[in-house]
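The values are calculated or read from the model by the stated rules, or taken from the named source; none is laboratory data. Because the structure is a prediction, the values reported are computed rather than measured. Every residue, glycine among them, receives a Cβ derived from its backbone with ideal geometry; neighbour counts consider all protein chains shown.
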Amino acid sequence: MKPSGLVFSFDDYSDTWLEHLPLLASLGIKATFFITGEFVKERSQAEERLRPLLQAGHTLGVHTMSHRRATETWANEGQAWLKSDVLDQAKLLSELSGKPTHYFAYPYGDHNDETDRILSAHFRVVRTFGKKPIFATQRQLKKTRVTYATSIDNVHEHTYAWYDEQLTELKRQSKVWVVASHHFNNTLWGITPERLAHFAKRAHELHIPILTFDDFT
């Protein structure tokens with residue numbers, strides 16, 4: 001059985017990402033950042049905001065150009081949405097990184113079987129959200145492509161004890177846990193640097209490696 005692992009991902013775009021690159025490095029975190037197109041409309045803007053992430057060894061993923069709900073926009077616009085909102089952004093990110101863009105995250109976690117099928121044809125990982133922590137084996141993640149992340153944003157008011165309990169159970173099951181947040185701050189849609197540090201350091205203490213999607217796709 002392959003060992004357990006913890007995968008970090010962050011959505012949209014936040015200036016706090018660049019501010020906290022040294023913190024991520026000190027914690028041994030290499031994350032996938034799922035980008036919303038409104039934050040990188042111009043190539044110069046994309047270079048300024050995303051190049052430092054790439055230089056620090058992080059990965060970029062698609063979060064659509066418009067951040068609209070996938071089920072509704074696919075039903076109303078079909079292939080036009082897929083091309084302009086999804087694949088065109090993947091192309092932009094690939095040009096910036098110099099390699100294919102393999103990962104997609106649903107805005108709001110909104111998805112259904114049809115959108116999963118459509119997007120899985122283009123991406124190795126299609127990430128959504130689960131209502132509770134979902135642990136999976138690396139084999140399951142590779143086979144299904146659709147990955148359920150747990151939100152660790154402050155809005156959920158997770159305690160340090162909650163993180164410790166989940167990590168202990170993750171270790172026991174020898175599975176992978178994908179988590180997601182937005183900002184590095186004390187807003188509702190962020191995780192405080194102190195909470196992130198506790199989370200990552202506890203994982204290290206339990207000998208749970210911090211992985212990336214590249215490790216099992």
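A few points about this structure:
- Residue check, Lys201 in contact with a helix residue (DSSP H, G or I) (Cβ under 8 Å, 6 or more places away or on another chain), in a helix (DSSP H, G or I), over 22 Å from His111 (Cα atoms) and in contact (Cβ under 8 Å) with a residue 24 or more places away in the chain: yes
- Qualifying residue in segment 177-187 (condition: in contact (Cβ under 8 Å) with a residue 12 or more places away in the chain, surrounded by fewer than 19 Cβ atoms within 10 Å (Cβ to Cβ) and not in a loop (DSSP other than H, G, I, E, B)): no
- Between Glu72, Glu38, the distinction of being free of Cβ contacts under 8 Å to residues at least 40 places away in the same chain and more than 18 Å from the chain's Cα centre (by Cα) belongs to Glu72 only.
- Restricting attention to segment 134-152 and to residues that are in a loop (DSSP other than H, G, I, E, B) and hydrophobic (A, V, I, L, M, F, W, C), the residue that is farthest from the chain's Cα centre (by Cα) turns out to be Ile134.
- Residue that is in contact (Cβ under 8 Å) with a residue 24 or more places away in the chain, closer than 21 Å to Asp214 by Cβ and buried (at least 19 other Cβ atoms within 10 Å of the Cβ), where the choices are Leu167, Leu141: Leu141
- For segment 204-217, the set of residues classified as within 19 Å of Ser26 (Cα to Cα) and not in a helix (DSSP H, G or I) consists of Leu206, His207, Ile208, Pro209, Ile210, Leu211, Thr212, listed by residue number.
- If you go through segment 89-103 and keep only what is surrounded by 14 or more Cβ atoms within 10 Å (Cβ to Cβ) and either among the aliphatic types (A, V, I, L, M) or touching a helix residue (DSSP H, G or I) at 6+ places or on another chain (Cβ under 9 Å) (or both), you end up with Gln89, Ala90, Leu92, Leu93, Leu96, Ser97, Thr101, His102, Tyr103.
- Test: residue in segment 50-69 that is over 16 Å from the mean Cα position of the chain (by Cα) and either buried (at least 22 other Cβ atoms within 10 Å of the Cβ) or at pLDDT below 95 (or both): no
- The residue that is surrounded by the fewest Cβ atoms within 10 Å (Cβ to Cβ), among those in segment 188-198 that are part of a helix (DSSP H, G or I) and touching a residue at least 60 places away in the same chain (Cβ under 8 Å), is Ala197.
- Top-ranked residue of segment 104-123 - restricted to ones that are within 21 Å of Leu54 (Cβ to Cβ) and under 13 Å from the mean Cα position of the chain (by Cα), ranked as surrounded by the most Cβ atoms within 10 Å (Cβ to Cβ): Ala105
- All positions within segment 16-49 that are modelled with pLDDT under 95 and of a type in the set (Asp, Glu): Glu38, Glu42, Glu47, Glu48
- Which listed residue, of Thr128, Thr159, is without any contact (Cβ under 8 Å) to a residue 12 or more places away in the chain and among the β-branched types (Val, Ile, Thr): Thr159
- Filter result for the condition that a residue is under 25 Å from Val62 (Cβ atoms) and polar (S, T, N, Q), over Ser174, Ser120: Ser120
- Of everything listed in (1) part of a helix (DSSP H, G or I); (2) within 21 Å of Arg68 (Cβ to Cβ); (3) not β-branched (Val, Ile, Thr), the single unmet condition for His122 is (1).
- Residue in segment 67-77 that is under 29 Å from Asn185 (Cα atoms) and among the small types (Gly, Ala, Ser) present: yes
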